[in-house]
Structures are given as structure tokens and as C-alpha cells.
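Taken together, the values in this text are just the output of simple stated rules run on the coordinates, not laboratory data. Since this is a predicted model, take the numbers as computed values, not measurements. FYI the Cβ positions are ideal-geometry reconstructions off the backbone, even for glycines, and counts take in every protein chain you see.
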Amino acid sequence: MKVLLMGGGARAQSLGDALRWQDVAAVNLNPDGPVAADWPTRVHRADAVILPIPTGLFVWGPEGPDCAQVLAAGRGDGAVIGAWPHGAPVGCVNLLQNETFKRMNAIPTAEGAMAVVLGQSQRVFYDSTCLLVGFGEVAQALCRRLLAFGAQVVVWTRRTVDLPPGVQVCPKGWPSEVLAQVDFLFNTVPSPVLGADALVHLPPHCLLCELASAPYGFHPLQAQALGLRTMALPGLPRRFSRSTAQLTAQCLLDMLTQRGDA
């Protein structure tokens, strides 16, 4: 199987290395390299094309090809794979719709967030109160790890979910008596759910961590105007490319095997 990775940077290189380690004929096509102009030929020869993760409209920025051009250059029976937060173009395979990838991608996001937050705080997670806004894959990974650290975990979610033993539910309406106890807040909901009327009840030492994509769960300027510290942590899996590459490579191979490409 021939795999073409059309992304520069450490994450794409690490993913290529991980695929080659598993005896896949993977080639990294660096947008700044001398062969970048030959990308249509290379796409046509590939069984699978991996676009940069996360994936935007353009592969290498406005000066490079867009996803439609990559699809047109393919053989038709190959896979064009990327990670589009708001939906993939027709004909492409979206890793973010793959349950295994979402679970695997949540691990470096959760552990990376905890590492960064601890480095910016004078508190530890043990015996602290952590509020998780949302309870998708990332929040679930955070929940398991925070419980292991001895934290008290409170979850706010708009849907009914089964929570692990010992985890509290934050009632709708953001009760002030609950918010007043929060030491760390991790938002994973990509829509405004925490307004100024809720933020005002958080204690001054509370550290707010934004893990969602735009338009985000709270407005940082509103929080900062109330004296609260905020952190936006996008792209955490990219910071731990060596670890995430192994997870992503295995997920890709499983997907391609199911498609019959491997």
C-alpha cells in the first residue's frame, strides 16, 4: 500500500515514521520541498492520501491545492483522509467521525491540558474541584485522569450521560454554590454556554482552560474582566506528535483495512 502524507511539520513527519515502522510505503510530501510541484502525479499513484491534521479548505494554505483539487487528482479508488472539525468535503474520509480516532486523540489532549494547567497553577489536582463542561471523548479522558489524581470532578452537560462513581452533576442554571467551589474549569463545548452571569460566581483563583474549537464555551475577555485567568489550548495532540503518531497510524491502518485498501 502506498500512502502519501501531504503535510509539513513534526506531526506529519512522525505519522510517516510510524506508518513506515509498520512496513507501509509512506512518503512525506513537504510543501516547501523540491517535489511539491509534482503533487498531482504523486496523489494519483497513492492508495491513500493523508492531508494535514487538523484539515482546512486548503492543503498548504491559499497558495497550494484545495481538497477538491486533491480529490480530482486521485485515481477514484483511493482514500483522501483528513480531520475537518466542521465536516469533510464530499468524497473525503473524516477522521473526526471515527470513534477510535476520537478516543485516541482525546488522550494527548487530556494529558497535555493537565500538564500545562499544572505548570501554570500553584495548586495540584489532589483534593481540588474540577468542573468539566461537556462530556465527550476529551472530557471523559480528563475525568478518568483527574479522578486518579484525587480530584473532585463535577460535570455539566446538556445531555443525559452515565457518569463514573463519585462524579457529581452540575445542575442546569449554573448554581452559584457549585461554581464557588471550582478550582479548575475545563471547557470542551464549542459553543457559548458560560456567560458572564455564571463566570461571576467562580472564585478568583479559578483557572479556566479552553479546549474546544470556535466559537468556544466562554468569552475570555469576560472572564478576564472578572479577574479570572484563562488559557486557550488548541492543537495539543500536535505538541506530542511522537506519541500521537503511533495512535493515529494504527487507527489509519484499521480504517484502510476495513475499506480494503490495506
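Is the stretch 102-234 rounded, prolate or oblate when judged by the Cα gyration tensor, a ≥ b ≥ c being the square roots of its eigenvalues, rounded requiring a/c under 1.5 and prolate requiring a/b larger than b/c?
Because its axes are fairly even, with a/c under 1.5, the stretch 102-234 counts as rounded.
Using only DSSP helix segments of four residues or longer, with each worth -39500 (n - 2.57), what per-residue ellipticity at 222 nm results for the chain after dividing by its residue count and rounding to 500?
-10500 deg cm²/dmol
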Cβ crowding within 10 Å averaged over residues, with 144-157, 90-103 ranked highest first: 144-157, 90-103
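Could you check what % of the DSSP bridge pairs in the chain are antiparallel, to the nearest 5? Write down the numbers at each step before the final one.
Numbers: 1 of 33 bridges.
Percent antiparallel among DSSP bridges in the chain is about 5.
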Interchain or long-range residues, amide H under 5 Å from ALA79's placed H: ALA48, VAL49
Rounded, prolate or oblate (a/c below 1.5 giving rounded, otherwise prolate when a/b exceeds b/c) for the stretch 2-97 by Cα gyration tensor: rounded
Correct option for percent of Cα pairs over 34 Å apart [calculated from the coordinates] among (i) 28; (ii) 22; (iii) 16: (i)
